[in-house]
């Protein structure tokens, strides 16, 4: 018996030795081959670790745009089905915490038992996943809740929703900025994704390695959120006071506040606001008349047709052919999207940077400065206003048809006298006028750090195009175009001693830890006028607010300088007007400049700059104390009781604030 057992034992030992020997032979001769086969049969996991897009903050650190972490609920079916005890507790927890349909999940898992990535819910804040995590981590309840994990990502959040919407812009999928700072500084705001991946090491152990994401930089804006809020609230107040059931308070309203000694933009606001949380559903109805809506859509359709037809072919199309051509290339749904996007772009548009217009009489200080700097004016001249000038058969009247009589240059600016300015233009001449338009940067981009700055190089006259009549109308701000950012940047150079600073809306860039990456210092581009000319212009502008057409802008107790403007839009026959006020405080040593434009106020009588003056005054009344700029004059009670739309005008001020538009201006920009 013992002999038999020994034989069996020896046979077993021999077999084990043979097996070990065979395994050793396989490992030695074919180990790499079989190792690769095994590794190829493994399921490896890898996932992207998303970067966090950087914040946009105001000059004091107030967060205007940020990225908030959210979580996708992911189901790993292979883990859930690895043990029968996992299924029901896990499904019950999912239903309890996320109100998911367990029958749908069960059906999917049955059909895809090896699926490792199935999205159950998207973009949930942490508060909504916390309950599930608590159940999952509980020693008693969580031991059978398996196969569910949370994928982190970020969504863009704007704490103040509509505040500075056209300035900030927004993001779309893939962290791509659209408009504003989100667009211009897109590369700075974006970071680099990280990666987490699993693999089987040389010891056949499963390991996880991770390369952390590099988060985006923070953009520190020059904007002050409080000043921005003040500006937007006054625009809204004016709009509410002027609108009716069919029209908003004005077609466009723009406000820019700037530090004249650095070029930093402190506030930039328009009347076209939208939710940055949901920009794609912005209201496109309230800002357009039916005519404007149809024109915008027509322009968008024309852009699309140009992809398939020449300009001549498009111009020759009848309405029926136009519709047929669109239908050939686009479905009704596609056309509806094209129309909607065209209207949205008009709402998203930043009027302060991207729109051009004739400035009107706010251009007069530039004309005077050009004369003083070129030596064609000394400052001691007088001009006789008889109420009009007749040039090339055109009778161009002043705002006071009876005439202002004999005026100094300062009085001409105070009265906003077109007649006197036209006479100055004869002395200045086409060569000097054209040269100083370039010096003041008209026709050139300011290169502000925002996308979509409009070009105006084709919208001003060259020296050889400045006929006598064109020179005359240009002298008081008609027949050439500017942008708001051009005007206020040039104006600041007139009042700060002649220094033209590049305008900017960002002062610093920081990394995700708050360390400084770049400080953007003021950039002095050029000198436009001498200190002497600048001091003279400041004196003239103070007179405009104290004694002339700018009285409605006066903040009681403060010395102020400024200039009003009323521009008649093309076609002149439509009698549509854009009114404005540009000013600075204090008058002698300006610390803040403001520019307000009201385009087509909802009024039968649009041609009054006191609409813009009153908005500027109401903004400054709140902004000046906030900025630490204190009263430097005795209070007189001026503008007491005057509202946001200029109502309550004292009788003695009416004439000085009348329209500055000639009653018989040329009907086109060529003057022919």
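The values are calculated or read from the model by the stated rules, or taken from the named source; none is laboratory data. Everything quoted here is computed from the prediction, not taken from an experiment. With ideal geometry, Cβ positions are generated from the backbone for all residues, glycine too; neighbour counts draw on all protein chains shown.
Here is a yes/no grid of residues against (1) in contact (Cβ under 8 Å) with a residue 24 or more places away in the chain; (2) over 14 Å from residue 157 (Cα atoms); (3) not in a helix (DSSP H, G or I):
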site: 48; (1), (2), (3): yes, yes, yes
site: 53; (1), (2), (3): yes, no, yes
site: 60; (1), (2), (3): yes, yes, yes
site: 65; (1), (2), (3): yes, no, yes
site: 68; (1), (2), (3): yes, no, yes
site: 73; (1), (2), (3): yes, yes, yes
site: 79; (1), (2), (3): yes, yes, no
site: 87; (1), (2), (3): no, yes, no
site: 90; (1), (2), (3): yes, yes, no
Exercise for the section: Assess whether residue 537 counts as being buried (at least 18 other Cβ atoms within 10 Å of the Cβ), assigned to a strand (DSSP E or B) and either touching a helix residue (DSSP H, G or I) at 6+ places or on another chain (Cβ under 8 Å) or at pLDDT below 95 (or both). Expected result: no
Exercise for the section: Only one of these is surrounded by 14 or more Cβ atoms within 10 Å (Cβ to Cβ), touching a strand residue (DSSP E or B) at 6+ places or on another chain (Cβ under 8 Å), more than 30 Å from residue 585 (Cβ to Cβ) and touching a residue at least 60 places away in the same chain (Cβ under 8 Å): 250, 213. Name it. Expected result: 213
Practice task
Quick one: which strands (runs of 3 or more DSSP E) lie wholly within segment 380-441 and hold at least 2 residues that are at pLDDT below 95 and in contact with a strand residue (DSSP E or B) (Cβ under 9 Å, 6 or more places away or on another chain)?
Solution key: 388-391, 394-397
Exercise for the section: Find the residue count for segment 169-187, including only residues that are crowded, with 20+ Cβ neighbours inside 10 Å and either assigned to a helix (DSSP H, G or I) or not assigned by TED's automatic domain parsing to the domain that holds residue 85 (or both). Expected result: 4
Handout entry: Flag for residue 329 being without any contact (Cβ under 8 Å) to a residue 60 or more places away in the chain, within 28 Å of the chain's Cα centre (by Cα) and outside the structural domain of residue 527 (by TED's automatic domain parsing)
Key = no
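In the list 253, 223, 230, 235, which residue meets the criterion of being modelled with pLDDT of 95 or more, under 22 Å from the mean Cα position of the chain (by Cα) and part of a strand (DSSP E or B)?
253
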Practice task
Restricting attention to segment 126-168, report how many residues are in contact (Cβ under 8 Å) with a residue 40 or more places away in the chain and part of a loop (DSSP other than H, G, I, E, B).
Solution key: 11
Completion exercise
(1) without any contact (Cβ under 8 Å) to a residue 12 or more places away in the chain; (2) in a helix (DSSP H, G or I) all hold for residue 458 apart from (2)
Practice task
Return yes or no: is residue 171 out of contact with any helix residue (DSSP H, G or I) (no Cβ under 7 Å at 6 or more places or on another chain), closer than 30 Å to residue 348 by Cβ and modelled with pLDDT of 95 or more?
Solution key: no
Practice task
Return a yes/no flag: does segment 61-72 have any residue that is on the phi > 0 side of the Ramachandran plot, modelled with pLDDT of 90 or more and surrounded by fewer than 10 Cβ atoms within 10 Å (Cβ to Cβ).
Solution key: no
Exercise for the section: Count, please, the residues in segment 238-247 that happen to be under 19 Å from residue 274 (Cβ atoms), touching a residue at least 40 places away in the same chain (Cβ under 8 Å) and not in a loop (DSSP other than H, G, I, E, B). Expected result: 1
